[in-house]
Structures are given as C-alpha cells and as structure tokens.
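Structure first, commentary second.
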Amino acid sequence: MSKENILIINCGSSSLKFAVINPRTGEEFINGIGERLGSPESFIRWKFEGTKDRKDLDNGAHDAAVETLLHLLEEKGLKDSIAAVGHRVVHGGETFTKSSLVDADVMKAIEDNTHLAPLHTPANLIGIKAAQKHFPELPMSVVFDTSFHQTMPEKAYIYATPYKFYKEKGLRRYGMHGTSYRFVTEQVCEQLNMDVNNSKLVIAHLGNGASAAAILNGESVDTTMGLTPLEGLVMGTRSGNIDPNVFSFLNKTYGYSLEEITDILNKKSGLLGISELSNDCRAIEEACAEGNKQAQLAMDVFCYVLAKQLAGLAVATGGVDALAFTGGIGENSDQIRGKVVEALSFLGFELDQDKNLAARFGSEGVITSDNSKATAIVVATNEELMIAKDTAALIA
Ligand code: ADP
C-alpha cells in the first residue's frame, strides 16, 4: 500500500472516533471508536475487513486509546500507509477560515478560542497532543466545523445583543457542520451539473444534531446553528430556537439552576422532549405508525420548524436552485423529506413520491418531479472523506 492514507481522529470528552481513509479513492480501511475513556469501563472497538473486534483499555483515557490505535494499525499493516493525521476540531472561532496544518501557533489559537466551546475544545486538544506523542513523525491538520461559515455576512452572524460582548468575547453566531456542507455542496453541483459559482443551495444536515445552511455560489451566507449547536432546528435532544426567557421561567417556576436548564435544553428536549419516548427518528416514526399522539406531535413540530427555517434561508440565497437533504435523517426519512418538500411547494418544489421513497440506505438522487422548478435531492454526506482530502491537500 502506498503512503497516501489519512488517519482521521475525532475526539470528544470521553470518546475518540477514528478511521483510515484514502483521500483519492474514498476507500476506508478501518474505523472505530474508543468509548467511556477515563472510566473503568473504557474500551476501544473497530471494524476491519468486515470484522468487528474490541479491546478493554483498563481505565485508559485518550492517550491510552491513541497508543492502542497505534499498535492496532501496526498489527493490521496500515501504519506505514499513513501520510498524515487529520483532526476534527469543533470550534475555530474567527481565527480559522479554513483547515490548517498543526504547529505551535495553531495550537495556541485553538486554545485561545476554548471559551467558545468549553466542553469540546479541551478534548480536541488532548486528541491532537496524544497523536503528536504516538505518531511523532506524521504531519497533522485541523479541520473545523465552524470555518466554512466564516463567509457569512455580518448581518447574518451578529446577535442583537450589546455589541461589546461581540467585540470583547466573540459572542456571535458561528454555525457548525461546515465540513458536511462543503462536501454536500460539491456533490450537489456535480450530480446536478451545476456551476458552483452560479448556484443557490439550501442544505439540511439532519442527524442527531441538525442544522441547515444557505450556500450562495459555494459560500455559506447563513446557517441555523449559532454560538453553540443549540440554536436553530428541533433536534434529537436539543430544543433549537426558544424564547431565551425560558431560562428565567424554568428557574423561577421549578428552581432549576443555569447548568440544569442548559442540560434540559441540550439533552432532554427536541424529539425526546416532546415525545417523552425517544430522541431517535426511527423510533419516533415507528411510534407514529402505531398511533402514538405525542410522537406524531414531535414529528409535526420537527417538520414545521425545519420547513420554516429552510424558507428563511432562501432569503439569504435570494431563491433556491436546489435543496439537499443529508445526515442520517435526511438520507433515510422519506416521511420528513416528503412533508418538508410539500410545505415548500410555494418555492417551486414539486415532490415525486416514488423517487422520494426510493432514496434511502445510501441511495442518493433527485426527489422532485421533472417539471419541478426547484430541485430537491438526497446526498450522503462524508465528513471523514472531506477531512482526508483537506489533509492531503495541506501536506501536498
Ligand atoms: P450523528 O449526528 O450522530 O452523526 P446520524 O447522521 O447518524 O447522526 O443520524 C442519526 C439519526 O438518523 C437518528 O435519529 C436515526 O434515527 C436517523 N435514521 C437513521 N436511519 C433512519 C431510517 N431508516 N429512517 C429514519 N431515520 C433514520
């Protein structure tokens, strides 16, 4: 195997996802995750050549996971095929408008933005340092969730709060899922034979976390997530947009603390909160089919809010040539796509239900009729491949 593969590392506070990918062909040789890192139950599991396996890490944290990963890659004969490591980093603040090679200045700049994502950035930094320790000979890159949205105009990212909070601490909208939006933008233009420099796209990335973005001529001009991923759409467990006074309401009526309310809005709301059943779209769809009223309500609110915000994003692009659905829900839920495309018929979309039903389990394609003035399309996202491509381009 030639030395051109990229090791992708995506660190959370107690997890570490990894994959080895060929940036040219997209072939994935191994993928896996270290979970419950830092606890007595910590372990790492992986899939290699169709076979799944796992190993206990005996209390190990991120460093132990990366060390085990190094031995695993040696054992599978992959280690010498790796040319560089690409790290997914959640927040690049206003400092990073694109992916970068890691050096001391870059590490310092990521650290300086920690206050914007205090739960995620420390884990990202730990992952980079562990990789530097165990793969000292490899160049490393950082690919940010936020950087693609740095092209948003001021009017789209400034909150109507006292301006000094923005000037002093960077309080503004940043948006997330940028790597996915970049990948899907390329795919949509390729599949629809559109010139990216003359394109008006609205993309809905619907996974456990969900957001949507307005992409004008290949650049992000607005998106639904804000300072944090809580803003915008209804998600699996996140409320999305709410009246900010909900904080004082819940504090005064139930006595919840700031931390408790933040936890409720991020982890106990959304589909889970309304349905009181599940955060998982498949489970909600199954409950709807059995006539569960609260699951149906959760679905209705999810779709209504999504359609409303997609229409709002069309203001940013000044009309829509194509609307793309991606992420686990976008790629699989014909129900949600169908409802949303029909709600947006006034923008020129005409659903083709046969095509809509056919697009699932990785099968992509247009879901609007041949006569439709605007096109809706399903595209499978691949953030890991985008990180691998960025990393390969940076070391070239
Ligand atoms: P993450 O944000 O964690 O990457 P995914 O993109 O994998 O999440 O999306 C997970 C969501 O996709 C879940 O709500 C899951 O129920 C939903 N999903 C996956 N397959 C289907 C399906 N066949 N029908 C409906 N929803 C699905």
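A few comments on the model shown:
- Per-residue ellipticity at 222 nm from helix content only, as computed over the chain with -39500 (n - 2.57) for each DSSP H run of at least four residues, stands at -11500 deg cm²/dmol.
- Among 124-132, 160-168, 286-294, the order from most to least packed when residues are scored by Cβ within 10 Å on average: 124-132, 286-294, 160-168
- Efficiency of FRET between T114 and V246 - r from beta-carbon atoms, R0 41 angstrom, step 0.05: 0.95
- Bins of 20 Å, starting at 0 and running to the largest distance - Cα pair percent for the chain: 26, 58, 16, 0
- Cut-off 11 Å, label 7 Å out along Cα→Cβ of M1, residues of the stretch 51-83 by amide N: 73-83
- Ordering of 352-359, 217-224 by packing [mean C-beta count within 10 Å, highest first]: 217-224, 352-359
- Where labels lie 7 Å past Cα in the beta-carbon direction, separation of D263 and N198 in nm: 5.5
- Sorted fewest first by neighbouring Cβ atoms within 10 angstrom, H115, H87, H205, H134 come out as H115, H134, H87, H205.
- Relative exposure of M194, M152, judged by other C-beta atoms within 10 Å (fewest first): M194, M152
- Stokes-Einstein translational diffusion, the stretch 202-258 - Kirkwood Rh over all Cα pairs, 1.306 mPa s, 10 °C, in µm²/s: 124
- Rounded, prolate or oblate (a/c below 1.5 giving rounded, otherwise prolate when a/b exceeds b/c) for the stretch 1-104 by Cα gyration tensor: oblate
- Here the Karplus curve 6.51 cos²θ - 1.76 cosθ + 1.60, taken at θ = phi - 60°, turns the phi angles of the stretch 169-178 into couplings of 10, x, 5, 6, 8, 10, x, 9, 6, x Hz, with x standing for Gly and Pro.
- With only the Cα atoms considered, the stretch 229-330 has a convex hull volume of 112 Å³ per residue.
- Residues R36 and E276, FRET efficiency given R0 of 25 Å [Cβ-Cβ distance, rounded to 0.05]: 0.40
- Taken over the alpha carbons of the stretch 300-396 as equal point scatterers, the Debye sum produces base-10 log I(q)/I(0) values at 0.16, 0.23 Å⁻¹ of -0.68, -1.14.
- Using the Cβ-Cβ distance between E67 and L138 with R0 set to 22 Å, the FRET efficiency from 1/(1 + (r/R0)^6) comes to roughly 0.90.
- Mean-square fluctuations from a GNM of the chain, with a 10 angstrom spring cutoff on Cα atoms, peak among N22, N208, N251 at N251.
- The modelled label-to-label distance between D300 and K129, using points 7 Å beyond Cα along the C-beta direction, is 5.1 nm.
- The stretch 245-396 - share of DSSP beta bridges that are antiparallel (%, nearest 5): 40
- Net length gained if the chain between T25 and Y166 were fully extended (0.36 nm per residue, minus Cα distance): 46.5 nm
- Calculated on the Cα set of the stretch 110-189, radius of gyration then Dmax: 15.8, 47 Å.
- Unit Cα scatterers, Debye sum, the stretch 282-325: log10 I(q)/I(0) for q = 0.17, 0.21, 0.27 Å⁻¹: -0.58, -0.70, -0.87
- Summarising the strand pairing of the chain, around 65 percent of its internal DSSP beta bridges are antiparallel.
- Residue-span extension gain [E75 to I158] - 0.36 nm each, minus C-alpha spacing: 24.8 nm
- Summed residue charge, Cβ within 14 Å of S99's Cβ, Lys/Arg positive, Asp/Glu negative: -1
- Global geometry of the stretch 54-134, whether rounded, prolate or oblate, following the gyration tensor of its Cα atoms and the 1.5 cut on a/c: oblate
- Relative contact order of the stretch 1-63, pairs being alpha-carbon contacts under 8 Å that are 6 or more residues apart, as %: 24
- Summing +1 for each Lys or Arg and -1 for each Asp or Glu among the other residues whose beta-carbon sits under 12 angstrom from that of Y256 gives -1.
- Order of S333, S13, S278 - criterion: other Cβ atoms within 10 Å of each residue's Cβ, fewest first: S13, S278, S333
- Linear extension gain, Q191 paired with R45, 0.36 nm per residue minus alpha-carbon span: 49.1 nm
- Near S369, once Lys and Arg are set to +1 and Asp and Glu to -1 for all other residues with Cβ below 13 Å from its Cβ, the sum equals -3.
- Rounded, prolate or oblate (a/c below 1.5 giving rounded, otherwise prolate when a/b exceeds b/c) for the stretch 152-250 by Cα gyration tensor: oblate
Here, each number is a calculation from the coordinates, and none is a lab measurement. Remember, predicted model here, so these are calculated numbers, not experimental data. Neighbour counts are summed over all protein chains in view; Cβ atoms, including those assigned to glycine, are modelled from backbone coordinates with ideal geometry.
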